[in-house]
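Just below is one structure, and these are the notes that go with it.
Every read-out reported here was derived from the displayed coordinates using simple, explicitly stated rules and does not represent laboratory data. Remember, predicted model here, so these are calculated numbers, not experimental data. No Cβ is skipped: glycine too gets one built from the backbone with ideal geometry, and neighbour counts run over all protein chains shown.
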Amino acid sequence: MNFLRITQNALLLLALPLAFAACKDDDKDNPQPNNQDNELITTVRYTLTPVGGGGAALTAQYRDVDGDGGAAPVITYNGGAARLIFDKSKTYTGEILLLDESKSPIDTISNEVLEEANEHLLVYKTNPANLLTITRTDLDTNTPTPFPLGLQTTVAPRATAGTGTLQVILRHQPGVKDGTETPGDTDVDVTFAAEVQ
Amino acid sequence: MAISGWLAPVHGWAQAPVERLLTTNCGLIISGQVLDHETRQPLPGATVVLLRADGSPTGAATTTDAFGNYHLHDLCAGLYRVRFLFVGYVEEVDEVKLNRPMVISPQLHFDAVQLQSAIVRATRPTESAPQVSTALSANDQRSTRGQTLGEALTRISGVTAITTGPSIYKPMIHGLHSNRITLLNNGVRQEGQQWGQEHGPEIDPFVASELSVVKGAATVRYGSDAIGGVVLLKPAPLRDSAGIGGAVHLVGASNNRMGAASATLDGNSRRWPALRGRVQGTVRRAGTTRTPDYYLSNSGFAEADYSAAVGWQQDRWGVEAFGSRFHTKLGILTASHVGNLTDLRRAFEAPRPLVTGGFSYVVGRPYQLITHDLLKLSAHWQPIGRGRIELTVAHQTDLRDEYDRFPPRNDALAARNLPELSYQNRTTTADLTWDHPAWAGGAFTGTIGLSGTRQGNTFSGRYFIPYYTNQVGGVFAIERWVRGRWLLEAGARLDYRALLVKRALGTAADYRVQRDQFRYLTPALSAGAVLDAGPHLTTRLSATLSQRAPAPNERFSQGVHNGQYEEGHDLTLAPGEAPLRPETARTASLTATWHHNPRLNGELTAYVTQISGYIYSTPILPPVLTIRGPFPSYRFLQTDARLAGFDATARYTLPPHWEVLAKAAIVRARDTRAHDFLIFQPADRAELAVRRAFGPAQPAAGHHLAGTYAQVSGQAVARQTRVSANYDSLDYQQPPAGYWLLGAEIGTTVTAFHQPLDLSVAGTNLLNRRYRDYLNRFRYFADEQGRNLTVRLSARF
């Protein structure tokens, strides 16, 4: 019957989307490793070298290779310690290293921060506030007065022993950097445990 | 055919009351029922025109309702002719000497000559369905031109929107949104990135000549994503008389200095009358929106849309091809693009956004770039005595690129200017329906349908939702029985869904693809009744049962999106925690419609929706720690929910000039498992408008202006007080205070160059009040738009 034939044809037409979608073969279309074209900071490493030698360098590292969420970030300290342990009789020079370990090869983000020093500011905070005195020693190229950058620091522990935290913040401030923390966005905000002995 | 114009369906509020069209008011009524002479069945959608004794028009006309009834009110005594028209029937003209209320119930005869063409050209009668469907009235459609689809729909009582700044509106019906609302654009289910709350529908509303909303579950007809309701956009049928016509709409707004222009050109071939077509295009451009005190920096947008249709329409069959593109670049409020919780608190505590600035048309970072393409082929066939078969095949491509506030630090990467998040969604749908011929003397009618969807989603850039392939096959049947004043309807549907999700795990050096396959069989059932309780009262009762399978984002989304960390349910299951299961929704609604009354008309809908396994996004504590610090964090969970409420609309007409319109909507949403309120539900709202008409309603000799009106309206929205007692631990701010806004509009129709030209000026938030809305995702950072004046001009030719 004519009617039946038309219905059959219509059913064939109905299968059409499956046919031309199948051409794309999206079953075999697989996701690529994350973030090849995106910038991601996965690792913050703070290395503190005692001034004038004498004793090993201290390091604190925050690492979250799979980005936001997923596996929890891992915080480690030199020698498997539970915190950064400062000697109150010493001062330290500090250096921040920022990495993107999701890329192959690994991308060193702190180099980009240095290149664009006029758009970045590192901020250091301790709790209690006097636990460590941290001074930014590097400057950007802002005119007329350069502002601090903060990849390079000197750290002076207080004279009395105690424990607390050390917070490292990277502010991204394109076009709005004024030497204060307020303008811009936060690109890094990590907190380490610290102790003065 | 000239009469097809008369048959344009007239719904609800759009129905211009006949009495207002007459210059004098004498209070007599002609009413009756139009029937088919052979079957004695009522003829819904038949046209009734009142003529003077000399055959000249009085301007009064109406159409019969779903039960063939009509009413012409407030007529003066005198001699008239009443003309009854219905496609496929011989017209009937009755001469009337009117001196008391009269009942005329004509029985129209089949017209054998007209019948052939009439079958295909007749507009389908107004669907009288148990589930209430409300169309945007002609007045509302006119005064929302130039707005986004979602904003225009909020004119319908019971419909609100989740907004993201001044230009992104996501429709919300009776408290449900996103994955629970289906948008049917020109007969095709809109498939884009519907899951995101800040993803507005990628549709140009200028394409549609009619916008309507099915308030409540329509899952049997439209599939499991229609638990909350359906938004229907219907373009006008292609031109069926030889020649060329069109329309031009121009809109200018003062607040964001928006300009919008839309033009449509319709044509029908003189040589091949079956051939017809349309081209249409819209451009919209807006700069920074201003609140009473400051500019919302980077809130401009630039949009360009176009569409084309070509059809071949024969007596018993027709084919049509339709293609459209929607393209927009939408700025996102700079101040909203905040970092971690510390930044967020800083932004919240600021009395005004931390970044404001001045007016600009420039759309800078952060922004969204959206392109949605639709190609649709449809065909219908009406073999004599075998009903109607319709086939629609459509392909949609939805590309959404989201750009963060700052480009990458790496210069080489920054130079490529890639979006930080980019989603690509490709969907092919096919729908086959058969309206079977009426049987048992016309008492039974029904539709049987098959539908298929294949959807592939990919992304590049940052992970937020996974790659997935979604295949759905559905079959449904809806049957109706009409007898006397009753209509009963029952429907059933079965959907099979196969969802394959692919995720990349690990790092670049060591990565693998995790594939998860899900299969669901979800049923939907519906039952309903319509009772024409009297000539002026229709009641509808509807009940549905449906299941919805979890969407890929509800299971597997993960990452920071617009300053919020969001996570699907199944990614981080606690030991013993079950993965998401389909949610089951039971709905019931009751609607009473008072219609065709001379003075008071209105509609009241009461509903209750109970969803077991309701999937929703809720804040999680402690917030997820990222290298940028802790972010406000949300995760999808499942609970049981009950949403109940009512919508009311009323219109009181004081002939000949005045009209009062009132609307109110209330939603009560409970988490019945936690015995608490659901978060992010619309607050109670009400609206009152007073409208006065001046001069003749239709162009008339000796008058330069017609249809002149002035309207003043007030809208009040309460504070949402029905929130959890521990709200401070759920949201960053308490719901904002209630507000009320004053609006006004004047308009008229000028006849220029023998063509009518609609002109109007509308003002919103005339008192320039500072306010924030609970459902605006930017309410934490910024106020809503201040005073805005919009000038609209429309011409048809």
**Study point:** Gain upon complete extension [B:Arg485, B:Leu354; 0.36 nm per residue less C-alpha separation]
**Key:** 40.9 nm
Point to revise | Normalised contact order of region B:654-795, rounded percent, pairs of Cα under 8 Å and 6 or more residues apart | key: 19
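Take each of the peptides B:763-771, B:155-163, A:97-105, average the number of other beta-carbon atoms within 10 Å over its residues, and list them starting from the highest. Don't skip to the answer; put the middle values down first.
Working: B:763-771: 16.9, B:155-163: 24.8, A:97-105: 19.0.
Order by mean packing, descending: B:155-163, A:97-105, B:763-771.
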Point to revise | Segment B:His37-B:Val319, extension gain: residue separation times 0.36 nm, minus the distance between their alpha carbons | key: 98.2 nm
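If I take R0 = 45 Å and measure r between the Cβ atoms of B:Leu505 and A:Leu97 in this structure, what FRET efficiency does the formula 1/(1 + (r/R0)^6) give, to the nearest 0.05? Each step should come with its number before you reach the end.
Working: r = 26 Å, r/R0 = 0.59.
That pair, B:Leu505 with A:Leu97, gives E of 0.95.
So, by mean Cβ neighbours within 10 angstrom, what's the order for B:586-596, B:96-106, B:294-304, B:739-749 with the highest one leading?
Result, highest mean first: B:294-304, B:586-596, B:739-749, B:96-106.
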Exercise for review: Mark the label point 7 Å from the Cα of A:Glu115 along Cα→Cβ and return the residues of region A:134-158 whose backbone N is within less than 18 Å of it.
Suggested key: A:140-142, A:151
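Across peptide B:425-434, how many C-beta atoms of other chains are within 10 Å of each residue C-beta, on average?
The per-residue average across the peptide is 3.
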Review point. To the nearest whole number, what is the average tally of beta carbon atoms from other chains within 10 Å of the beta carbons of peptide B:61-74?
Key: 0
**Study point:** Rounded tilt (10° steps) of B:112-121 against the dominant C-alpha axis of chain B
**Key:** 20
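Strictly over 22 Å apart at the Cα level, which of A:Lys88/A:Lys177; B:Lys170/B:Lys234; B:Lys215/B:Lys663; B:Lys329/B:Lys502; A:Lys103/A:Lys125; A:Lys90/A:Lys125 would you flag in this model? Write out the running numbers ahead of the final one.
On the way: A:Lys88/A:Lys177 34 Å; B:Lys170/B:Lys234 19 Å; B:Lys215/B:Lys663 15 Å; B:Lys329/B:Lys502 29 Å; A:Lys103/A:Lys125 30 Å; A:Lys90/A:Lys125 19 Å.
From A:Lys88/A:Lys177; B:Lys170/B:Lys234; B:Lys215/B:Lys663; B:Lys329/B:Lys502; A:Lys103/A:Lys125; A:Lys90/A:Lys125, over 22 Å: A:Lys88/A:Lys177; B:Lys329/B:Lys502; A:Lys103/A:Lys125.
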Practice item. Extending each Cα 7 Å along its Cβ direction at B:Val103 and B:Thr397, get the distance between those two points in nm, one decimal. Key: 6.2
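Could you compute the FRET efficiency for B:Ile620 and B:Asn726, with r as their C-beta to C-beta distance and R0 at 22 Å, rounded to 0.05?
Working: r = 14 Å, r/R0 = 0.64.
Computed FRET efficiency for B:Ile620 and B:Asn726: 0.95.
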Study note, to complete from the structure: Extend 7 Å from the Cα of B:Arg386 along its Cα-to-C-beta direction; within region B:425-448, residues with backbone N under 16 Å of that point are B:433-438, B:448
Check your understanding: So, in nm, how far is label B:Arg668 from label B:Ala304 when the simple model puts each one 7 Å beyond its Cα toward the Cβ?
Key -> 5.2
**Study point:** Percentage relative contact order, region B:564-709, counting C-alpha pairs under 8 Å, at least six apart
**Key:** 18
Review point. Length gain on complete extension for the stretch A:Gln167 to A:Arg45, per 0.36 nm per residue less the alpha carbon to alpha carbon distance?
Key: 42.7 nm
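Given the DSSP H assignment, sum -39500 (n - 2.57) over each helix run of at least 4 residues in chain B and divide by its residue total; what's the result at 222 nm in deg cm²/dmol, nearest 500? Walk me through the numbers on the way to the answer.
Numbers: 9 runs with 54 residues, N = 797.
After summing the helix terms and dividing by the residues of chain B, the value is -1500 deg cm²/dmol.
For B:Ala606 and B:Ser269, what does the FRET efficiency come to when R0 = 60 Å and r is the distance between their Cβ atoms, rounded to the nearest 0.05? Spell out each step's value before the answer.
Numbers: r = 50 Å, r/R0 = 0.84.
That pair, B:Ala606 with B:Ser269, gives E of 0.75.
Relative contact order, percent, of chain B when contacts are C-alpha pairs under 8 Å separated by at least 6 residues? Please list the in-between numbers first.
Working: 2236 pairs, mean separation 75.0, N = 797.
Rounded, it is 9 percent for chain B.
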